[in-house]
Amino acid sequence: MTRLETLLSCLRQFYGLLPAPPRDPFAIFLWEVLSMHTTPARRDAALGALKRIRVLTPDAMWRAPQKKLAEAVALAGPYQEQRLRALRTGVDLFRRSPKLPALIRGPLGTARRALRPFPQLGDASARRMLLFAADCCVLGVDMHVSRVGRRLGYGTGSDSSRKSTRSVQRALSRDLPHDAEGFRRASLYLSHHALATCTERDPHCHVCPLLQDCPEGQKRIAI
């Protein structure tokens, strides 16, 4: 096992089995929009509400009463209007292009071009969609995963700049076996660890399962 695989195994033992994003392209688009600037619990509450009003397909969401849709999305927390705009645009894209799910699951270059028109989908979100919906071995590294990677000694740089994030992305990817399941596990557990324990301010190093192999954690504990 590589070092990263060993670290991921520790995280899995610590957190247990985590719920993974859906594999359907439209469902994971919803997951990404509702995940932005919020907590997993709020995201899951909003997704549960959308499921209860049966709007998990583009056509169903297009026909949904706007009041019920807004109430469900509001459960994700702030930025309600931005989320609703992103959902409306995404629904329109999926409805106007019935072949879109197949394009997303197609060759990597074609899939990347198909995702460009989507609002609020940065590089990390697009990569997660390609990983979970299309089994592409690409790792989406947002500012949270980048922070965890830097603290563990992956990549170069000490900030959340694009250059530093790309460096962390490359370093983490090199330390993973080239199979989609391994990349999905890394994405899921590193993201969760960043929000639950390795937080930006006042990380909980004293309970972190990775402390013994974390240069940043060792420095913080020694202070």
Sole miss for residue 137 among (1) open to solvent by less than 30 Å² (accessible area, probe 1.4 Å); (2) touching a Phe, Trp or Tyr at 6+ places or on another chain (Cβ under 7 Å); (3) in contact (Cβ under 8 Å) with a residue 40 or more places away in the chain is condition (1)
Considering residues that are of a type in the set (Gly, Ala, Ser), open to solvent by 10 Å² or more (accessible area, probe 1.4 Å) and assigned to a helix (DSSP H, G or I), the number found within the range 60-90 is 3
- Task: For residue 125, indicate whether it is touching a helix residue (DSSP H, G or I) at 6+ places or on another chain (Cβ under 8 Å) and either assigned to a loop (DSSP other than H, G, I, E, B) or under 25 Å from residue 213 (Cβ atoms) (or both).
- Result: no
Selection over the range 28-59 where residues are open to solvent by 30 Å² or more (accessible area, probe 1.4 Å), more than 15 Å from residue 87 (Cβ to Cβ) and outside any loop (DSSP other than H, G, I, E, B) yields a count of 6
Residue 158 fails exactly one of (1) part of a helix (DSSP H, G or I); (2) surrounded by fewer than 18 Cβ atoms within 10 Å (Cβ to Cβ), namely (1)
Residue 153 fails exactly one of (1) farther than 19 Å from residue 5 by Cβ; (2) open to solvent by 20 Å² or more (accessible area, probe 1.4 Å), namely (1)
request  = Could you check, for the range 176-191, whether at least one of its residues is part of a loop (DSSP other than H, G, I, E, B), basic (Lys, Arg) and open to solvent by 40 Å² or more (accessible area, probe 1.4 Å)?
outcome  = no
Exactly one of 220, 166, 201 is open to solvent by 20 Å² or more (accessible area, probe 1.4 Å), more than 30 Å from residue 102 (Cβ to Cβ) and either assigned to a helix (DSSP H, G or I) or touching a residue at least 60 places away in the same chain (Cβ under 8 Å) (or both), and that residue is 220
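The values are calculated or read from the model by the stated rules, or taken from the named source; none is laboratory data. Note that the structure is predicted; figures quoted are calculated from it, not measured. Ideal geometry is used to build each Cβ from the backbone, glycine not excepted, and the neighbour counts take in all protein chains shown. Ligands, DNA and RNA are excluded from the accessible area calculation, which covers all protein heavy atoms including side chains. Shrake-Rupley method; radii C 1.70, N 1.55, O 1.52, S 1.80 Å.
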